[in-house]
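Worksheet: one structure, shown below.
What follows is calculated from the coordinates using simple rules that are stated; it is not laboratory data. None of these values were measured; they are calculated from a predicted model. Cβ: placed from backbone, ideal geometry, glycine included. Neighbour counts: every protein chain shown.
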């Protein structure tokens, strides 16, 4: 019982530190055997570079948590992906094709003091549907090719927002092209036109890129985390939100975001994300009123499971069934579940290609 209590204290303190709080005594005197696996799992879900930064005070207490060689490799990987993104975004701008960088490519420049802190997978680009053929043609001429996503189900790629990865000639970098900021039902109220209209230009190395407004960045990160059912793939997005909200002068229009979510049919998803932020230690002053409201009944059981997974940094991979229960019980409205399943049924008859019509 004592070990379990001590572990919970350390888990809670770690997430409060990630959320921007000062390091607690629980971390200064933490048991290394408890700390090391938690940090390793966080690095696995994000990157060594990001874990080292968000837990910097902890690394002062335990300087050898990660080897310098591992940090150097992580930094090198971040630098390569960032340079690749800038390399290919420049010619897109030169061709006069308007795009907005979404998710990691945007948050790394907007939320972090050094963009190299945050790693990149593929780079998500929002593009007007009418501009997709021109963008595809332009990148194909440079050697880009669409590559079927790993683990594509029998019904194909049923996303209404994006396509299969568009992979660079070297095979080490790819764009994820979006015609909507996020999948159904988010685009019912957060439209491509809205994101473009409120986007801002920022410097990314030697080029300028467009990124969503602060509020849109927060919303898209939370809806993406919800789409991943607050599973292991959602950790990076949730940390982005925590870091963004902790920035000096950050002021999120939660009322406006909740109104968008209500009108679009994803209020449950946004509410769950906000409650999770509160449960992980984000101060109430950065969140909307009612963020600490507790679920009841079955939803409480499901939500407690989400919090438990986050606290232990996903020590155990959630099963597909448990993620589905999480989605139906906590995140998605019944109409959204029906919509997605109908698309899957349609895909069983004729699989969705996941390719743009060009």
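The figures follow:
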item: Distance between modelled label sites at residue 172 and residue 337, nm, 7 Å Cα→Cβ extension; result: 4.4 nm
item: Contact order relative to length of the chain, as percent, for alpha carbon pairs under 8 angstrom and 6 or more apart; result: 20 percent
item: Angle in degrees between helix 254-264 and the longest Cα principal axis of the chain, rounded to the nearest 10; result: 50 degrees
item: Backbone N under 11 Å from the residue 202 label point (7 Å along Cα→Cβ), restricted to segment 271-293; result: none
item: Residue among 271, 152, 191 with the largest mean-square fluctuation in a Gaussian network model of the chain, springs linking Cα atoms under 10 Å; result: 152
item: The chain: angle of helix 2-18 to the longest principal axis, Cα-based, in degrees nearest 10; result: 50 degrees
item: Residue order, fewest to most surrounding Cβ atoms within 10 angstrom, among 34, 345; result: 345, 34
item: Estimated inter-spin distance, residue 76 and residue 149, nm [label 7 Å along Cα→Cβ]; result: 3.1 nm
item: For segment 1-46 and segment 130-176, distance of Cα centres in Å; result: 39 Å
item: Relative exposure of 218, 328, judged by other C-beta atoms within 10 Å (fewest first); result: 328, 218
item: Cα gyration tensor shape for segment 240-344, rounded if a/c is under 1.5, else prolate or oblate; result: oblate
item: Projected area, mean over directions - segment 316-358, Cα convex hull, nm²; result: 4.6 nm²
item: Rg over Rh [alpha-carbon atoms, Kirkwood Rh] for the chain; result: 0.96
item: Nearest-ten-degree value, helix 297-311 long axis tilted from longest Cα axis of the chain; result: 90 degrees
item: Residues in segment 26-52 that a label on residue 68 would reach, taking backbone N under 18 Å of a point 7 Å out along Cα→Cβ; result: 49, 52
item: Largest to smallest principal axis extent of the C-alpha atoms in segment 50-191, angstrom; result: 53, 34, 32
item: Theoretical gain in end-to-end length, residue 188 to residue 131 [0.36 nm per residue, Cα-Cα removed]; result: 18.5 nm
item: Fully extended contour minus Cα-Cα distance, from residue 160 to residue 60, at 0.36 nm per residue; result: 31.4 nm
item: Förster radius 35 Å - calculated FRET efficiency between residue 8 and residue 267 (Cβ-Cβ, nearest 0.05); result: 0.70
item: Two-site FRET efficiency, residue 31 against residue 358, from Cβ-Cβ distance with R₀ of 51 Å, rounded to 0.05; result: 0.35
item: Length gained when the stretch residue 247-residue 294 is fully extended (0.36 nm per residue, less Cα-Cα span); result: 14.3 nm
